[in-house]
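> Structure below; questions to follow.
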Amino acid sequence: MEYRIAKGWRITVAVFGAVLIIGGVFFLIKAFTGPTFPAGLGIFLAIFLISLGTITYLDTIRTLFIIDGYNLRIVRLRKTRSVLLKEIDGYRTGDKNTFFIVLKKGDRSIQLPQYLERREELIGWFQEKYEDVDERDKANETEALLDNDQFGLTREDRASRLATAKRISYIATGAGALLFFWALFDPEPFDLIMIILLAAPWIAVYITWYYKGLMKLYKTKSSPYPSLVYLIFLTILAALVTVLNAYSLYAFGQHAWSLLLGITLTVTVISITACRQAIATSGKVLVYGIVFAIAGMYSYSLLIFSNCRYDRSFDHAYHVKVTHKRISSGKSTSYYLSLSPWGKYADGNELSVSKSFYNQVNTHDDLTVFLRKGQWGVPWYFLKVEDVKISPK
C-alpha cells in the first residue's frame, strides 16, 4: 500500500511555493537594481524565500507512506525512515484529527500528515491491526485503581466510589461551562455571579480533598481518574474576564503587586496542601507551576472585586468630554470612549464601556469621572452621565 500527499494539497503547496520563489526573485532584482535597497538584505531574503519555496514543494511531492508485508516506510525529501510492523505498539488519536503511530521501543511517535490521500483508509487499517494505546493504558490503570484498597474496602466499593466521582466530574464540568457563559454574556445580578465564581474553585478543591486521591488536579486521555479541573479553570477565567470588564483601575503600583503576590502564595499553598494526594503521582513541578499561575488569576479577581465593590472612600471628581467614540467588532463587539485629559492622563485616555453607556453619550458630551482610593488601596474610577452611575460596565 502506498500513500502520498493528496493532489489538492500538492497543488496548493505548488502555488504557495511559486509565490515564495517569485518573492525571492523580486528581492534579488531589488538587491541589484534598487538604488536605496540594501543589497545584502535583498540577497538574503531572495535565498531564503527561494529555498523555502523549493524545499517545501519538493518535500510535499516526495512524501510517501509505504506499507508492505513487513515494513512501514516514510519517504521524505531529506531522509527515508523504515520501521518493522512488529515494532509498532499501537496508535493514539489527538485533537484536530491528529493520528500518531506509537512504537514499542520508546522512539518518537510517527504522525500521519493531515493531507495524506486516502488517509481514513490508512487510519482504519491501523485501527484494525493495532490497539488504541490510550484506551489500553486507561484500562490497565483502572484495574490498578480498583485493586487499590486506599479507595475502598472492597472492589465493589471502589467501583461505586469511582462511578460517583465521575458523575460529580461530569456535572461540575457542565456547571463550569454554564457559569462561564453566564458571566461572559450576562453577568447579572453582578454580586451573585461574582460570589458564585469565587466560591466554586474552593468547592472543587474541597471535593478533590475529600476523595483522597481519587480525584486528580489534571485530566489526561489515558487516565481513568476524574477531575474537577474544568470547573476550577472555567470559573476562575470567568471571574477574571468579568472583573476586567467591570472595573477600570487608575494605577496598579508596588502596594497592589505586594498584595497580589501575598494572596497568590496563600491560595497556592492552601490548594496544594489540600490536594496533595491529587497530585502525588504527577509531574509535581509542572503542576505546582500551573497551580501558582491559576491562583494568580483567582487572586487578581478576588483582590480587584473586593477592592472596588466594597470601597467606601470619597470620590474625587474630574469633568471630561467625550472626544471620540468607536466600536471594535470581531468574535465579540466592544465599545470605547475617548476622554479629554484628566488626572494622570495628560493626553486623555480610552475606556471600554457597556453598549448601553455607549449609546447614551455622543461626541463632545460632558461626563464626570469619579476616582476612588479602593478598599485595599488600589485606585480605580468609573464614569457618570447625567448623575446616573454606570458601573460595573
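> When you go through (1) assigned to a helix (DSSP H, G or I); (2) of a type in the set (Gly, Ala, Ser); (3) surrounded by 19 or more Cβ atoms within 10 Å (Cβ to Cβ) one by one for Gly213, which number turns out not to apply?
Single failed check for Gly213: (1).
> Against the conditions (1) surrounded by fewer than 16 Cβ atoms within 10 Å (Cβ to Cβ); (2) modelled with pLDDT of 90 or more, where does Phe32 fall short? Just the number, please.
(2)
> Right, another one. Please list, ordered by first then second residue, the pairs with beta carbon atoms under 7 Å, 6 or more apart or interchain, first in the stretch 1-21 and among the acidic types (Asp, Glu), second surrounded by fewer than 18 Cβ atoms within 10 Å (Cβ to Cβ) and in a strand (DSSP E or B).
Taking only residues 6 or more apart or on different chains, the pairs are Glu2/Leu64; Glu2/Ile66.
> Look at Ile203 and say whether it is surrounded by fewer than 15 Cβ atoms within 10 Å (Cβ to Cβ), of a type in the set (A, V, I, L, M, F, W, C) and part of a helix (DSSP H, G or I).
No; evaluated as a whole, the condition is false for this residue.
> Does Thr268 meet the test of being assigned by TED's automatic domain parsing to the domain that holds Val378, among the hydroxyl-bearing types (Ser, Thr, Tyr) and surrounded by 14 or more Cβ atoms within 10 Å (Cβ to Cβ)?
no
> Moving on to the next point. Given Arg326, Arg309, Arg372, which one is surrounded by fewer than 19 Cβ atoms within 10 Å (Cβ to Cβ) and within 25 Å of Leu198 (Cβ to Cβ)? Break it down into steps so the answer makes sense when it comes.
Details: Arg326 fails: within 25 Å of Leu198 (Cβ to Cβ); Arg372 fails: surrounded by fewer than 19 Cβ atoms within 10 Å (Cβ to Cβ).
After applying the criteria, what remains is Arg309.
> Hey, among the residues in the stretch 216-230 that are out of contact with any strand residue (DSSP E or B) (no Cβ under 7 Å at 6 or more places or on another chain) and at pLDDT 90 or above, which one's surrounded by the fewest Cβ atoms within 10 Å (Cβ to Cβ)?
Filtering the stretch 216-230 for residues that are out of contact with any strand residue (DSSP E or B) (no Cβ under 7 Å at 6 or more places or on another chain) and at pLDDT 90 or above, the one surrounded by the fewest Cβ atoms within 10 Å (Cβ to Cβ) comes out as Tyr230.
> Something else about it: Taking the criterion of being buried (at least 17 other Cβ atoms within 10 Å of the Cβ) and closer than 30 Å to Lys7 by Cα, would at least one residue in the stretch 143-159 satisfy it?
no
> Surrounded by 15 or more Cβ atoms within 10 Å (Cβ to Cβ), in contact with a Leu (Cβ under 8 Å, 6 or more places away or on another chain) and farther than 28 Å from Arg92 by Cβ: is that true of Phe180 in this structure?
yes
> Test each condition in (1) under 32 Å from the mean Cα position of the chain (by Cα); (2) at pLDDT 85 or above for Ile50 and report the one that comes out false.
Of (1) under 32 Å from the mean Cα position of the chain (by Cα); (2) at pLDDT 85 or above, only one is false for Ile50: (1).
> Still on this structure, please answer the following. Among the residues that make up the stretch 344-352, is at least one of them in contact (Cβ under 8 Å) with a residue 12 or more places away in the chain, part of a strand (DSSP E or B) and more than 31 Å from the chain's Cα centre (by Cα)? Explain how you work it out, then say what you get.
Here is the first cut: in the stretch 344-352, the ones in contact (Cβ under 8 Å) with a residue 12 or more places away in the chain are 344, 348, 350-352.
This time we only want the ones that are part of a strand (DSSP E or B), so: 350-352.
When the remaining residues are screened for being more than 31 Å from the chain's Cα centre (by Cα), the result is none.
Looking for residues that are in contact (Cβ under 8 Å) with a residue 12 or more places away in the chain, part of a strand (DSSP E or B) and more than 31 Å from the chain's Cα centre (by Cα), one finds none in the stretch 344-352, hence no.
> With the requirement that a residue be in a helix (DSSP H, G or I) and either out of contact with any helix residue (DSSP H, G or I) (no Cβ under 8 Å at 6 or more places or on another chain) or surrounded by fewer than 19 Cβ atoms within 10 Å (Cβ to Cβ) (or both), what does the stretch 183-192 give you?
Passing the criteria: Leu184, Phe185, Phe190, Asp191, Leu192.
> Collect the residues in the stretch 94-106 that are of a type outside the set (Ser, Thr, Tyr), assigned to a loop (DSSP other than H, G, I, E, B) and either in contact with a strand residue (DSSP E or B) (Cβ under 7 Å, 6 or more places away or on another chain) or surrounded by 12 or more Cβ atoms within 10 Å (Cβ to Cβ) (or both), keeping them in residue-number order.
Gly94, Lys104
The values are calculated or read from the model by the stated rules, or taken from the named source; none is laboratory data. Every value quoted in this text rests on a predicted model; they were computed, and no experiment measured them. Positions of Cβ are backbone-derived with ideal geometry, glycine not excepted, and every protein chain shown enters the neighbour counts.
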